[in-house]
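Here, each number is a calculation from the coordinates, and none is a lab measurement. Since we're looking at a predicted model, the values are computed, not measured. Heads up, the Cβs are rebuilt from the backbone with ideal geometry, glycines too, and the neighbour counts pull from every protein chain shown.
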Amino acid sequence: LLLLTKNWLKKLKVLLNLNMKTRIIWTKIYDDEWFNTLSIEYKFLFIYYFTNSRIEHTGIYQCTQRIISFETGIDTLILTEMNRSFEEDKKIYFYNDWVYVIKSPVYGGYKGPKNELAFNRELTKIPSNVIEFFNKKVPIQYIYPIYTTINHKSEIINDKSETINHKQGIDEMKK
């Protein structure tokens, strides 16, 4: 029975094209002064924008207002007004059914070399006119691999000419 259930779930996942993704929500969001000024409806929508199934590493994704309205249950007219508020606060921008959550890596991002490569790969899939539009609003936070010289950590410097063993010095003082 368990085997049948597992097979059925696999088939259902394939049929529905479900990609189970994990999102981290840093609890520091609840210390954010701006976030704490929002009503519960705005908080819900803001969290939706950086935790829905379409968002990736860049924070830029394509999604129609109709789908957002359907998934959140928020009327499209109210949604338009809420989106305008997010734009005025410079938190989320919208362009031709594209969404850019400015600080999505800060609110729910993963770190590490594989994620940085995925971020840069995602940028190549976003149409250039979309990137240009968002860059005019707020520069896209490009991530460079940690193994480049951009972070100035490609070289290890150790100027110590000798190794000091403090334990040895204490033992000699006891004699």
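Things worth noting here:
- Each of the peptides 51-61, 27-37, 126-136 was scored by the mean count of other Cβ atoms within 10 Å over its residues; in descending order, highest first, they stand as 51-61, 126-136, 27-37.
- Computed FRET value (nearest 0.05) for Ser85 with Glu132, which takes r as the C-beta separation and R₀ as 25 Å: 0.55
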